[in-house]
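In what follows, a structure is listed as structure tokens, so that the remarks can point back to it.
The values are calculated or read from the model by the stated rules, or taken from the named source; none is laboratory data. Keep in mind that what you see is a predicted model, and the values were worked out from it rather than measured. Here the Cβ is made from the backbone with ideal geometry for all residues, glycine too, and neighbour counts use every protein chain on show.
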Amino acid sequence: QVATNMIDQHPQIERVVWKAVELVTENRVDVFDVPKGDVMAMVDSSDGYGRYAVSFDDGYHTCQCEHWTSFSAPLIESGARVCKHVAAVWLWQMTRQENF
């Protein structure tokens with residue numbers, strides 16, 4: 001439900017949302033109760049080699065992954081860039097109160 005609502009609101013991020021669902025359901029997202037510096041979460045890489053830091057800077061979530069840093073991650077209407085790691089953090093946060 002949460003994932004489909006995200007896609008309904010932002011159809012341009014459908015692909016990253018479904019990848020994010022995989023990350024969340026496989027418990028590959030570690031959101032900190034208290035941010036460590038500006039890092040609010042660590043999300044596993046798809047290739048299994050390490051994790052990416054997701055931060056919250058200047059009102060937007062940022063990620064260390066190539067998709068985000070190369071500016072190829074899709075944008076939503078607010079101007080936020082959304083890779084699968086950022087979407088996974090959003091889904092993780094939203095599903096603490098709701099079910100997929």
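Within region 53-70, the set of residues being more than 17 Å from VAL34 (Cα to Cα) and aromatic (Phe, Trp, Tyr) comprises TYR60, TRP68. Restricting region 40-81 to residues that are out of contact with any helix residue (DSSP H, G or I) (no Cβ under 6 Å at 6 or more places or on another chain) and of a type in the set (Phe, Trp, Tyr) leaves a set whose member that is modelled with the lowest pLDDT is TYR49.
So that you can scan it fast, the table gives a plain yes or no per residue for (1) surrounded by fewer than 19 Cβ atoms within 10 Å (Cβ to Cβ); (2) without any contact (Cβ under 8 Å) to a residue 12 or more places away in the chain; (3) under 17 Å from TRP68 (Cα atoms):
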| position | (1), (2), (3) |
| --- | --- |
| MET6 | no, no, no |
| PRO11 | yes, yes, no |
| VAL16 | no, no, yes |
| ALA20 | no, no, yes |
| THR25 | yes, no, no |
| VAL31 | yes, no, no |
| PRO35 | yes, no, no |
| VAL43 | no, no, yes |
| SER46 | yes, no, yes |
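Is there a residue in region 64-85 that is in contact (Cβ under 8 Å) with a residue 12 or more places away in the chain and over 24 Å from ASN5 (Cα atoms)? Within region 64-85, one or more residues are in contact (Cβ under 8 Å) with a residue 12 or more places away in the chain and over 24 Å from ASN5 (Cα atoms).
The set of residues in region 48-70 being under 15 Å from the mean Cα position of the chain (by Cα) and loosely packed, with under 12 Cβ neighbours inside 10 Å consists of ASP57, GLY59.
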